[in-house]
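The structure under discussion appears below in the form of structure tokens.
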Amino acid sequence: LARSVFPANGGDVHAWPDVTGAHRADDAAYLLGIAAFSENYADTGLGSVAHINSIVVPALLVGIQRRLAEGRPVTGREALAALVVGYNVMEWVGATLNGGRPRMAHQLRGFRPTPSAGPLAAVAVLGRLAGHTAEQVRAALGLACSQGGGLRPSTASPTSAIRLQSGEALRRSVHTVDLALAGVVPHP
């Protein structure tokens, strides 16, 4: 369904290896996030109880393709460093949200740590791969706090919005990085 709503439309990022057309980066991120979560390609962080792979790996794939479009290939070392950064950010933020008493406090209020912490982790991955300055990444992380916080509570039913939230978190992350680079600053 998501693939039919977001057909390839002349962008520079491929969401699927079997499709010749490319998507805009935000659409590809959305599709990759939905696919990663819906196919259960997501591991679960021990402290965060977040599905880290449904955010960090799609962000890595988008970031690598954006670099390639600029003529700057990504080395294995750079890709691994970006994954580590993304994992650390997501696990720390998710654990901070979910680690109250009782554990899983964030989820008991109806929210999910994956889409709440996901924009920060994806921004960290995208910023790392793009080679942004510490100040640019800091601004993007600040903006990402409002992006993740804006995702709505969701049940885990088969038709709930939770199925789309990793994709939406990733879409917002691509926008957030672009906004930070354009000079938009977060509230201090």
Whole number in Å², please: accessible area per residue of the chain, 1.4 Å probe, ligands, DNA and RNA not counted.
50
Ordering 87, 30 by accessible area with a probe of 1.4 Å, largest first, what comes out?
87, 30
With a 1.4 Å probe and every protein chain left in place, tell me how much accessible area residue 163 has, in Å² to the nearest 10.
80
Hydrophobic long helices for the chain, i.e. whole DSSP H runs reaching 27 angstrom or more by Cα along the axis with Kyte-Doolittle mean at least 0.0, come out as 76-98, 162-181
Expressed as a whole percentage, what fraction of the accessible surface of the chain belongs to carbon and sulfur atoms when a 1.4 Å probe is rolled over the protein heavy atoms?
61
What's the extension gain from residue 84 to residue 68 if we count 0.36 nm per residue and subtract their Cα-Cα distance?
3.7 nm
I want to check the label-to-label distance for residue 4 and residue 109. Put each point 7 Å from Cα in the C-beta direction and report it in nm to one decimal.
3.8
Counting only Cα atoms, I'd like the Rg/Rh figure for the stretch 1-100, Kirkwood definition for Rh.
1.02
Could you compute how much accessible surface residue 39 exposes when probed at 1.4 Å, giving the result in Å² to the nearest 10?
110
Simple label model, 7 Å out from Cα along Cβ direction - residue 39 to residue 75, nm
3.0
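For the chain, rounded, prolate or oblate, judged on the Cα gyration tensor with a ≥ b ≥ c (square roots of eigenvalues), a/c < 1.5 rounded, else prolate if a/b > b/c?
Oblate.
The values are calculated or read from the model by the stated rules, or taken from the named source; none is laboratory data. Please read all numbers here as calculations on a predicted model, not as lab measurements. As a convention, Cβ positions derive from the backbone with ideal geometry for all residues, glycine included, and neighbour counts pool all protein chains shown. For the accessible areas, the whole protein counts, side chains as well, though only heavy atoms, and no ligand, DNA or RNA atoms are used. Shrake-Rupley method; radii C 1.70, N 1.55, O 1.52, S 1.80 Å.
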